[in-house]
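The values are calculated or read from the model by the stated rules, or taken from the named source; none is laboratory data. Everything quoted here is computed from the prediction, not taken from an experiment. Here the Cβ positions follow ideal geometry from the backbone for every residue, glycine too, while neighbour counts run over all protein chains shown. All accessible areas refer to the heavy atoms of the entire protein, side chains included, with ligands and DNA or RNA removed. Shrake-Rupley method; radii C 1.70, N 1.55, O 1.52, S 1.80 Å.
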Amino acid sequence: QRSDGDVDLTELSAALLSRLRGDVERVFRPVQRRTRHAQERHQQGDRPTGEAMDDVRSASSEQFFNDSRRNTIVVLGPRNRGHIFTEDGRHVTSIRLQPGELEKKTERKWWTPMRAEGIAQLRAQLKARAER
């Protein structure tokens with residue numbers, strides 16, 4: 001804003017365009033860094049996630065968590081594996097939890113235990129996706 005109270009449209013639009021440029025670069029930068037194979041796998045989106053699906057099927061209700069910071073669902077598997085899903089059942093990624101990481105996230109309430117109906121809904125969504 002200028003000293004006379006009017007908005008400097010040139011300055012405002014330059015700032016907005018600069019921010020937009022940064023956002024667009026962040027979106028497309030990973031495409032340039034991926035190998036052709038990695039890019040093809042990324043574009044498939046629903047590539048086979050057998051280990052994640054097996055872990056979901058065998059997980060007890062105590063192994064399902066809502067991630068409140070990312071609005072995702074975390075399912076714990078054996079050997080410190082964790083699988084991250086969107087709320088509509090898409091597999092995002094799989095991770096290895098560091099020692100004490102689960103305790104830290106639950107103590108801070110970043111991850112909270114899921115209710116039975118949420119678990120049933122996730123399993124149903126995953127089953128429906130597998131049948132497509």
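Whether any residue in segment 43-61 is modelled with pLDDT of 95 or more and acidic (Asp, Glu) is what I want to check.
No, segment 43-61 has no match at all.
Which residues, taken from segment 50-68, are in a loop (DSSP other than H, G, I, E, B) and either surrounded by 12 or more Cβ atoms within 10 Å (Cβ to Cβ) or of a type in the set (Lys, Arg) (or both)?
Ala59, Ser68, listed by residue number.
Taking strands (runs of 3 or more DSSP E) that fall entirely within segment 69-123, which contain at least 3 residues that are over 19 Å from Asp54 (Cα atoms)?
Output list reads 111-113.
Residues are listed down the side, and each one gets a yes or a no for (1) among the hydrophobic types (A, V, I, L, M, F, W, C); (2) in contact with a Cys (Cβ under 7 Å, 6 or more places away or on another chain); (3) modelled with pLDDT of 95 or more; (4) open to solvent by less than 20 Å² (accessible area, probe 1.4 Å):
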position: Arg70; (1), (2), (3), (4): no, no, no, no
position: His91; (1), (2), (3), (4): no, no, no, no
position: Ile95; (1), (2), (3), (4): yes, no, no, no
position: Leu102; (1), (2), (3), (4): yes, no, yes, no
position: Lys105; (1), (2), (3), (4): no, no, yes, no
position: Trp111; (1), (2), (3), (4): yes, no, yes, yes
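Within segment 106-126, track down each residue that is of a type outside the set (S, T, N, Q), at negative phi and in contact (Cβ under 8 Å) with a residue 12 or more places away in the chain.
Hits for segment 106-126 are Trp110, Trp111, Pro113, Met114, Ala116, Gly118, Ile119, Leu122, Arg123, Leu126.
For segment 97-114, give me the residue count where each residue is out of contact with any Asp or Glu (no Cβ under 6 Å at 6 or more places or on another chain) and closer than 16 Å to Phe64 by Cβ.
Qualifying residue count, segment 97-114: 9.
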